[in-house]
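The values are calculated or read from the model by the stated rules, or taken from the named source; none is laboratory data. If you're wondering where the values come from, they're calculated on a predicted model, not measured in any experiment. Cβ: placed from backbone, ideal geometry, glycine included. Neighbour counts: every protein chain shown. SASA here: full protein model, heavy atoms, side chains in, ligands and nucleic acids out. Shrake-Rupley method; radii C 1.70, N 1.55, O 1.52, S 1.80 Å.
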Amino acid sequence: MTLFATTLLAILSSPAQAQEEEKVLNIYNWSDYIADDTIQNFEKETGIKVRYDNFDNNEILHAKMVAGKTGYDIIVPSSNWGALQIFGGLLLELDKAQIPNLKNVDPGINAQLGKIDPGNKYLVDWLWGYTTIGINVDKVKAAIGGPLPDNAWDLVFKPEYISKLKSCGVSFLDSADEVVPAAMHYLGRERISKNPADYAAAAGLLKAIRPYVTLFSSSGYINDMASGSICVALGWSGDINIARQRAIDSKNGQKLQALLPKNGGLLFFDTMAIPADAPHPGNAYKWINYILRPEVSASLTNKVFYANPTYGASKKFVRPEVANNPTVFLSEDNLAKMKGASDQLNNEIRRQQNRVYTSFKTGL
């Protein structure tokens, strides 16, 4: 056998090549975060079989990534966690030539992500939204005995309000990376801080309101809101709107609303990334390119009520009642109020957040 033939045979029979030819794509994404037909349409078009798993918070995803050999080809970390994974060498630098639909991404989204992923080399936006307060309007007004406070965050961080809401159910996201930055924001501190005094202040605030929190949930709270079993949630904007739509569809009389605090919510971008050890990176590129088609991006927004990164190209495919919902696609004024991450997440900040949150959740 010639040297050329031997080399060619080795390439064609290598594990990487064999795996790439396998018509499989393994995806790890958030719960309730995809349209009904997204996977089905992709499979039909490409012949690639999708294995789709869910997680409820970034901590779970990151632990798997650090452990390595996840078997996933696409993961969907929030951008600050994606930055942590870039720094740790856990993500594959993107071959943009394989993603021609990147041209559909709004420049402003790329600019936001470019602050933590210079050159947009690793992360592509999936959807974006903000952490805020969701309420059952009638139950909250009845419980507090009057109008809503001027600052919506008072509902969950001010004892005089949250103590009255315990009777109808108060839910917090089950994530240190969400609860602690929200407390920081309420106190006027940076949401990602390097100052130990800020964490001490957040711990004091959370300790004061802990007796009144009745549920910790990062996914189940959607149905709890929709059914009326809780009346207020520190949650994600799209999830609150999903709950609102479920209540409307079931005609159960629950009037739900995602609030737009006057000092803003916490802006986040959930991103698509390819693990460095992904077994099927070629299939992952096909998925990213597919998702960035305007009609596909629009279908995600229509289902889960989060803004997509191709809005300029996809808005004609977004249902009018969604496109005109001011809590989905924010006005310039409300967007300007939203608080983005002021610094990059690192392991020391994670430890600080986890200590504060664990003490809060356990009541110790």
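In segment 348-364, how many residues are open to solvent by less than 60 Å² (accessible area, probe 1.4 Å) and not in a helix (DSSP H, G or I)?
1
For segment 165-195, what are the residues that are under 13 Å from Gly235 (Cα atoms), part of a loop (DSSP other than H, G, I, E, B) and among the aliphatic types (A, V, I, L, M)?
Passing the criteria: only Leu173.
Confirm whether Phe329 is at pLDDT below 95, under 18 Å from Asp106 (Cβ atoms) and not in a helix (DSSP H, G or I).
So Phe329 passes the test.
Within segment 27-62, how many residues are under 17 Å from Gly129 (Cα atoms), outside any helix (DSSP H, G or I) and of a type outside the set (D, E, K, R)?
Looking only at that region, the number is 7.
Give the residue that is most open to solvent (accessible area, probe 1.4 Å), with candidates limited to residues of segment 217-271 that are of a type in the set (Asp, Glu) and under 22 Å from Asp154 (Cα atoms).
Asp224
Table: residues versus (1) touching a residue at least 60 places away in the same chain (Cβ under 8 Å); (2) over 19 Å from Asp32 (Cβ atoms); (3) among the polar types (S, T, N, Q).
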{"residue": "Val304", "(1), (2), (3)": "yes, no, no"}
{"residue": "Tyr311", "(1), (2), (3)": "yes, yes, no"}
{"residue": "Val328", "(1), (2), (3)": "yes, no, no"}
{"residue": "Thr358", "(1), (2), (3)": "yes, yes, yes"}
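Which of the residues belonging to segment 278-296 are hydrophobic (A, V, I, L, M, F, W, C) and open to solvent by less than 10 Å² (accessible area, probe 1.4 Å)?
Passing the criteria: Ala284, Trp287, Ile288, Ile291, Leu292.
List every residue pair whose Cβ atoms lie under 6 Å apart, where the two residues are 6 or more positions apart in sequence or sit on different chains, the first residue falls within segment 150-164 and is charged (D, E, K, R), and the second residue, located anywhere, is in a helix (DSSP H, G or I).
Asp154/Tyr161; Lys164/Ala143; Lys164/Ile144
Checking Ile135 against (1) under 30 Å from Trp30 (Cβ atoms); (2) among the hydrophobic types (A, V, I, L, M, F, W, C); (3) in a helix (DSSP H, G or I); (4) in contact (Cβ under 8 Å) with a residue 24 or more places away in the chain: exactly one of these is not met. Which one?
The single condition Ile135 does not satisfy is (3).
With the requirement that a residue be β-branched (Val, Ile, Thr) and modelled with pLDDT under 95, what does segment 343-361 give you?
Correct list: Ile349 only.
Let me spell it out: the conditions are (1) outside any helix (DSSP H, G or I); (2) exposed (fewer than 14 other Cβ atoms within 10 Å of the Cβ), and Ala97 meets all of them except one. Which number is the exception?
Evaluating Ala97 over (1) outside any helix (DSSP H, G or I); (2) exposed (fewer than 14 other Cβ atoms within 10 Å of the Cβ) leaves (1) as the failure.
Which count do you get for residues in segment 302-326 that are among the β-branched types (Val, Ile, Thr) and not in a loop (DSSP other than H, G, I, E, B)?
Looking only at segment 302-326, we keep the residues that are among the β-branched types (Val, Ile, Thr), and these are 304, 310, 318, 322.
From the residues that got through so far, the ones that are not in a loop (DSSP other than H, G, I, E, B) too are 304, 322.
Final tally of qualifying residues: 2.
If only one of Ala83, Ala152 is within 24 Å of Thr327 (Cα to Cα) and of a type in the set (Gly, Ala, Ser), which one is it?
Of the residues listed, the single one that is within 24 Å of Thr327 (Cα to Cα) and of a type in the set (Gly, Ala, Ser) is Ala152.
Are there any pairs with C-beta distances below 8 angstrom linking a residue in segment 271-288 that is in contact (Cβ under 8 Å) with a residue 60 or more places away in the chain and more than 13 Å from Gln85 (Cα to Cα) to a residue that is open to solvent by less than 10 Å² (accessible area, probe 1.4 Å) and charged (D, E, K, R), with the two at least 6 apart or on different chains, and if so which?
Matching pairs, first to second residue: Ala278/Asp73; Pro279/Asp73; His280/Asp73; Pro281/Asp73; Asn283/Asp73; Ala284/Asp73; Trp287/Asp73.
Just to be sure before I move on: is Arg319 over 20 Å from the mean Cα position of the chain (by Cα) and closer than 24 Å to Leu259 by Cα in the structure I sent?
Yes, satisfied.
Are any of the residues in segment 74-84 in contact with a strand residue (DSSP E or B) (Cβ under 7 Å, 6 or more places away or on another chain), more than 30 Å from Ala176 (Cβ to Cβ) and modelled with pLDDT of 95 or more?
For segment 74-84, residues in contact with a strand residue (DSSP E or B) (Cβ under 7 Å, 6 or more places away or on another chain), more than 30 Å from Ala176 (Cβ to Cβ) and modelled with pLDDT of 95 or more: absent.
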